[in-house]
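Just so you know, all these numbers are worked out from the coordinates, no wet-lab data involved. Please read these numbers as outputs of a predicted model, since none were measured by experiment. All Cβ positions, glycine included, derive from the backbone under ideal geometry; neighbour counts span all protein chains shown.
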Amino acid sequence: MPDDHFSAMRQSIIDGAPDTASGLAQEALSAGIAPIEAINSGYVPGMHDVGEQFAKGQMYLPDMMASAEAMRAAMAVLDPELKKLGTQRPMAGVVVLGTTKGDIHEIGKILVGTLLTAHGFRVHDLGVDVPGEKFAAKAREFNADIVGVSALLTTTMRNQKSVVEAIENAGLRSQVKIMVGGAPVTRRWADEIGADGYAKDAMSAVTLARELMAQKTQSAVVEPA
Amino acid sequence: MRPRLELLNKALIERILGEAFQLIEDPGVRVAPFVVDLLRGAGITVKDGVAHIPEALARRLLDLAPRGFCLYDRAGKPAVRYGGEDVHFDPGSSCLNILDAETQQPRPAMSADLVRLVQVAEMLPQFAAQSTAMVCNDVPQEIGDWYRLLLVLWYSEKPVVTGAFSAESLHTLLELVAIECGGREPLRQHPRAIFDVCPSPPLNWSEFASQNLVDLARAGVPAEIVSMPLAGATAPVTLVGSVVQHAAECISGITIHQLAQPGSPIVWGGAPAIFDMRTGKTPMGAIETAMLDVACAEVGKYLGLPTHAYMVTGDGRFIDAQVEMESGISTILGALAGINMISGAGMLDFLACHSIEKLVIDAEAIASAQRLVEGVNARTDSLAVAMFAQTGLSGDFLKLKETRSLFRKEQHFPSNVIDRGLASMDGSTPDVLQRARQRVEELLSPYERHPLAPDREQELIAFALREGRKAGLEGLPEILRPEYAHEPGLI
């Protein structure tokens, strides 16, 4: 039964079916399946499939959004049980995400957040029109590994620099990696403002976040505690 | 007969407008506190920052907006006519990057790049207007918007399509144009510039945008609404659904604008696009984006309003077949749709990059489109029979006087950017990029800057120096070197 169950969970994510995903989660708990097993053997492989198909151009953004919604529905059932058991999901990293001050565009940021969540990151989305100081404060509050700053407009892109400065001023720069993105943003711009990386789209943001986490882990090993 | 492209019929336009009027009343339009009193004063309910605009009032205000107006050149002559079937083009605007002429790699745009682009556009009759095409990375960020305009006013005599980056800086931009025109009243009478104002999709007039609308209306300087629904992301996925949203954003913008100053000139414009469901990008060269442009403009024309769109752009990162195919197609469609001002030439890479070489290639597409809209015309009493009466079946039409007198009207002769066998360099055949580079040099070589009247020139420099110093700028890049910035009379 578990294999079929896991396969159905995986499929519910691929299908982007939140009701099915949450129903299967409830059934799993009733059947005595450990929530962490349901996540790792059922739902996470589904998100991996979705990510792979998206990268190959076989799935599209609306499909991806539906899959993320199904994942959220399943986790809404499983998370409380995880907490009761004192278990934690393996996590790829903590990301604080937002659109820079003066800019109210958030589609790109939402996509990045969705994909990062799908790939195991814990994402705190600060929304739009976020000043640099708030990025810094929330990075401290959530003990963030990465801060992601989005900007759609040529006029607001420059405020990404103030986020880098705010994080430096808060004394967090050595602990927090900063990645930037958005339509007008380039790698050169990221270098110029002292960000750690630039991603041209949501999928490459996931790759970049993984690279930044690897760099972080490596430097933690190299640097004396 | 002038050829026309129409994608909507009357019944569909009425349905679009019906739903647009419905949307501005319910769910309504998010507005900034700045305009709440203005709207409430007209009887519009504003609750929790959302205005619920009744159709009857919106229709009355639409009727007050002018059906046409002109932009004037520096000499005070009408150079661009908004309204009716007139079609004009201007380069794309506000780009941060330029494709370097030598390396053809993108790099940050500098003042010198903008000056070069303005000079090239000045020499090309295809561009009836200039735009503040680039944000110059060598001037402080906070003066980036007005500095572009200063350079355009300095190096061009054509009308300018521009826009402010904040509510406050609009006044600096207006002052620059007013100085150039000889005062606020001459600017109102013979506006040389039009200002883009962008609502945020969906249905949101931010503080900055609504304040710009009101201030422009009261200054009597034309405003151009640039509504940007992204089909499937910030707007309904169907093209027609996005056209409804575009109409609702334009109507609500015109409502605010006309309440501020009835009769002030305003344009039904936009930069709509589809949202690519694979990449999340907004392809400006997609056929569906061009269809949105055409359909949105059709609704504006149906209401009798002047129109604008963002076309003549491609999404590839370099000058290649894709970029020019996309740019060429949208140029033709925009011209056939009779859109009054079509912005975008020179731009590529999803509007992230400008290219002067692309600008001169686009100028050829524009010239072809301009020829196309002239149509197929009966220029002689007999269409062909009289000419056959002279030649018989010899096929010797080259000798006919009609041929000599009419071929220049019938045929457009492109520059050597278009390879018709004339473009050779040292015996070899240059590719399109080489031909474009050569064309840029040919255009720049005879360019001469025409100074303003000395008093206005001095006033413009003094004003710009004062404003620039507030942001720590010494001198005026591409106009005045820092060591001359402290000369008597300039401070």
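Could you tell me what % of all Cα pairs in the protein assembly as shown have separations over 36 Å?
Working: 123511 of 255970 pairs.
Taking all Cα-Cα pairs of the protein assembly as shown, the fraction more than 36 Å apart is 48 percent.
Using only Cα coordinates, the Kirkwood hydrodynamic radius of the stretch B:63-374 works out to 18.9 Å.
Centroid-to-centroid, using Cα positions, the stretch B:44-98 and the stretch B:317-372 are 22 Å apart. Distance distribution P(r), the stretch A:93-222, all Cα-Cα pairs, bin width 5 angstrom from 0: 2, 13, 25, 27, 22, 9, 2, 0 percent. The overall shape of the stretch B:85-179, judged from the alpha-carbon gyration tensor, is oblate: a/c is not under 1.5, and a/b is no greater than b/c.
Could you tell me what percent of the DSSP beta bridges with both partners in the protein assembly as shown are antiparallel, to the nearest 5? Mind showing how you got there, number by number?
Working: 17 of 62 bridges.
Close to 25 percent.
My understanding is that a pair violates if its Cα-Cα distance is over 24 Å; which of A:Lys56/A:Lys83; A:Lys101/A:Lys177; A:Lys84/A:Lys138; A:Lys56/A:Lys200 do that in this structure?
Details: A:Lys56/A:Lys83 36 Å; A:Lys101/A:Lys177 19 Å; A:Lys84/A:Lys138 27 Å; A:Lys56/A:Lys200 16 Å.
Distance filter (> 24 Å) returns A:Lys56/A:Lys83; A:Lys84/A:Lys138.
Calculate the length of the line joining the C-alpha centroid of the stretch A:1-79 to that of the stretch A:148-225, in whole Å. Using only Cα atoms, the two centres lie 30 Å from each other. For chain B, the tally of Lys pairs with Cα-Cα distances below 25 Å comes to 6, considering only residues 8 or more apart or on different chains. Over the stretch B:11-91, the pair-distance histogram of Cα-Cα distances with 5 Å bins from zero comes to 3, 12, 15, 16, 13, 12, 14, 11, 4, 0 percent, rounded to whole numbers.
Run lengths n ≥ 4 of DSSP H only: what is the helix-derived mean residue ellipticity at 222 nm for chain B, with -39500 (n - 2.57) per run over all residues, to the nearest 500?
Values: 16 runs with 209 residues, N = 491.
Helices in chain B give a 222 nm mean residue ellipticity of -13500 deg cm²/dmol.
Entry note: the stretch B:385-444 has Rg to Rh equal to 1.22, where both radii use alpha-carbon atoms and Rh is the Kirkwood radius. Taken over the C-alpha atoms, the stretch B:277-432 has Rg and Dmax values of 19.8, 62 angstrom.
With all pairs of different C-alpha atoms in the average, the Kirkwood value for the hydrodynamic radius of the stretch A:1-112 is 14.9 Å.
Suppose only helical runs count, i.e. DSSP H with n ≥ 4. What mean residue ellipticity at 222 nm does that imply for chain A under -39500 (n - 2.57) per run, divided by all residues and rounded to the nearest 500 deg cm²/dmol?
Values: 11 runs with 133 residues, N = 225.
Mean residue ellipticity, 222 nm, calculated: -18500 deg cm²/dmol.
Of the residues B:Ala65, B:Val50, B:Val31, the one whose Cα sits farthest towards the positive end of the charge dipole of the stretch B:31-95 is B:Ala65 (charges of +1 on Lys and Arg Cβ, -1 on Asp and Glu Cβ, taken about the Cα centre).
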